[in-house]
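Below is one structure, written out as structure tokens, with a few remarks after it.
The values are calculated or read from the model by the stated rules, or taken from the named source; none is laboratory data. Keep in mind that this is a model prediction, so the values were computed, not measured. A quick note on method: Cβ atoms are made from the backbone with ideal geometry, for glycine too, and the neighbour counts reach across all protein chains shown.
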Number of protein chains: 2
Amino acid sequence: MPKRVDHDLRRRQIGEALLRIASTRGLQAASMREVATEAGVSLRLVQYYFHTKQELLLGALAYLGEQLSARVEAHIRALGMPPTPRSLVYGTLTAILPTDDESRRLTRTYAAYYTLVLAEPALATEHGATYPDLLERFLAGHLRTAQQAGQVDPGLDAPTAAAGLLALTNGLGSSVLGGQRDGDAALAILTYHLDRLFGGPA
Amino acid sequence: MPKRVDHDLRRRQIGEALLRIASTRGLQAASMREVATEAGVSLRLVQYYFHTKQELLLGALAYLGEQLSARVEAHIRALGMPPTPRSLVYGTLTAILPTDDESRRLTRTYAAYYTLVLAEPALATEHGATYPDLLERFLAGHLRTAQQAGQVDPGLDAPTAAAGLLALTNGLGSSVLGGQRDGDAALAILTYHLDRLFGGPA
DNA sequence: CTTTTTGTGATACGACCGTATCATCAACGG
DNA sequence: CCGTTGATGATACGGTCGTATCACAAAAAG
């Protein structure tokens, strides 16, 4: 056999080539040949590491999820340790708002997958597509903690507020990607709502 | 010439066939042949009335816009005449929330086009893709009217609040289409926020 | 009644798609 | 040293895509 090679690394290299294409030209431009070229390998290799296109799409989606949660964690950490309920909520939501190149790439790619899953629900069943669900529960939990600490109006329904915040952030993200406003304007709207919730700026 | 035919009607018939496909199987399933079959005409006819695929996509997008604004107007009217600032805002936002078959179809189709435009921005420049912008200004205007009538906190920044409401509604719609919650739950979250804005239920 | 014009069918072309096949080459086990 | 196996290249197949071409029928124009 030729020099034994790290399969996981190669798979990631190819999968991330697909994500790169999806973020710039959309998933419909991500043919096997195009992915091979972008990754700098031959078509045969893409087939070798991902036997079928669906496998490639699902594998790349898993990498996208990793990148997304890594960014969320990094953003939370950047707001200081130990994290407060406020910084957890704030950091999570600002992490998934397209305000810089990386977040723009991530949200664009996520949008491409979202539409694909809408048209082909079979893709979602294979995968724990409950990522937004996890985020929402995460937010609701920390909102409740903030309520117990007296930082948020205790009359608020935490799950409803968390769902609203996440939906607001996603909607703002869509408007940024659509070119309706820039990332800073969206961030201003989001912080305005967050500050109202937490009773004024920190 | 064979019996003179109504071109506008035929174009609409074909364009709406594309919208039907896009809403169920996505735009990537909307090939010229598939659209022809769905519309019950030959491939040649699709080519005859829309010389190229881009023309077809743009034409159908125009029909989608018509259907969308027709639904918004109908929803506003259904809340009683003459419309109040509150019913204008409420009717607009609930119209674009996927709570029934028609709104689900419209929002799904809109999402498909949104992703296409993200990948192919050239499509948007041809068309006044500023539909969300129009909605936002519409909402901001009526929020300001409501402030002058004392129905909404005058300390609120109307454009920011309007952008937030529209983003919230879009984000909630995405979660409904994604199967994260049903239309009624989304509607409850939206009305909760609206009622807080307008100072309690009507 | 011819001659144009408008609408429609049948079919073809070249490109690209996902997938499969065949051959090869390098390392390891015996 | 040799046969087995892991990794890779080259190439092909059937299908679908958007688009173009050719033919033709039917109504209108002269």
If I filter the range B:76-110 down to residues being among the aliphatic types (A, V, I, L, M) and touching a Gly at 6+ places or on another chain (Cβ under 8 Å), which single residue comes out as surrounded by the fewest Cβ atoms within 10 Å (Cβ to Cβ)? B:ALA78
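Kindly evaluate A:TYR110 against the criterion of being facing chain B (nearest Cβ under 8 Å) and either out of contact with any helix residue (DSSP H, G or I) (no Cβ under 6 Å at 6 or more places or on another chain) or at pLDDT below 95 (or both). Spell out the reasoning first.
Working: facing chain B (nearest Cβ under 8 Å): no; either out of contact with any helix residue (DSSP H, G or I) (no Cβ under 6 Å at 6 or more places or on another chain) or at pLDDT below 95 (or both): yes.
No, not satisfied.
Looking at A:PRO132, is it part of a loop (DSSP other than H, G, I, E, B) and in contact (Cβ under 8 Å) with a residue 12 or more places away in the chain?
So A:PRO132 fails the test.
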For the range A:138-151, indicate whether the set of residues that are modelled with pLDDT of 95 or more, part of a helix (DSSP H, G or I) and of a type in the set (Ser, Thr, Tyr) is non-empty. yes
Counting just the residues of the range A:1-46 that are within 14 Å of chain B (Cβ to nearest Cβ) and within 12 Å of DNA strand D (Cβ to nearest atom), which one comes out nearest to B:ALA30 (Cα to Cα)? A:GLN28
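Could you name every one of the helices (runs of 4 or more DSSP H) located completely within the range A:1-120 that has at least 1 residues being more than 26 Å from A:GLU136 (Cα to Cα)?
A:7-25, A:32-39, A:43-49, A:53-78
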Those residues of the range A:47-99 that are within 14 Å of another protein chain (Cβ to nearest Cβ) and within 16 Å of DNA strand D (Cβ to nearest atom) come to a total of 1
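Mind checking which residues of the range A:113-161 are charged (D, E, K, R) and more than 10 Å from every other protein chain (Cβ to nearest Cβ)?
Keep residues of the range A:113-161 that are charged (D, E, K, R), which gives A:120, A:126, A:133, A:136-137, A:144, A:153, A:157.
Once the filter is applied, which keeps residues that are charged (D, E, K, R) and more than 10 Å from every other protein chain (Cβ to nearest Cβ), the range A:113-161 yields A:GLU126, A:ARG137, A:ARG144, A:ASP153.
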If you scan the range A:176-202, which residues turn out to be within 17 Å of A:ARG104 (Cβ to Cβ) and assigned to a loop (DSSP other than H, G, I, E, B)? A:GLY178, A:GLY179, A:GLN180, A:ARG181, A:ASP182
Please work out which one of (1) crowded, with 20+ Cβ neighbours inside 10 Å; (2) at pLDDT 95 or above is the condition A:PRO132 fails and give its number. (2)
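If the requirement is being in contact with a Pro (Cβ under 6 Å, 6 or more places away or on another chain), under 27 Å from B:ARG108 (Cα atoms), assigned to a helix (DSSP H, G or I) and at the interface with chain B (Cβ under 9 Å from one of its Cβ atoms), which of these qualifies: A:GLY173, A:GLY164? Explain how you work it out, then say what you get.
On the way: A:GLY164 fails: in contact with a Pro (Cβ under 6 Å, 6 or more places away or on another chain).
Just one listed residue meets the conditions, A:GLY173.
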Residue match in the range B:63-74 (condition: over 24 Å from A:PRO121 (Cβ atoms), out of contact with any strand residue (DSSP E or B) (no Cβ under 6 Å at 6 or more places or on another chain) and within 16 Å of DNA strand C (Cβ to nearest atom)): no
So which residues in the range B:7-30 are surrounded by 15 or more Cβ atoms within 10 Å (Cβ to Cβ) and over 21 Å from the mean Cα position of the chain (by Cα), if there are any at all? B:ARG10
Can you spot a residue in the range B:16-28 that is farther than 22 Å from B:LEU166 by Cβ and within 12 Å of DNA strand C (Cβ to nearest atom)? yes
Go through the range A:144-202 and give me each residue that's under 13 Å from A:PRO98 (Cα atoms) and acidic (Asp, Glu). A:ASP182, A:ASP184
Test for A:ARG4: is it surrounded by fewer than 20 Cβ atoms within 10 Å (Cβ to Cβ), at pLDDT below 95 and within 16 Å of DNA strand C (Cβ to nearest atom): yes
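So that you can scan it fast, the table gives a plain yes or no per residue for (1) charged (D, E, K, R); (2) in contact with a Phe, Trp or Tyr (Cβ under 9 Å, 6 or more places away or on another chain); (3) farther than 25 Å from A:GLY183 by Cβ:
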| position | (1), (2), (3) |
| --- | --- |
| B:THR160 | no, yes, no |
| B:ASN170 | no, no, no |
| B:GLN180 | no, no, no |
| B:ASP184 | yes, no, yes |
| B:ASP195 | yes, no, yes |
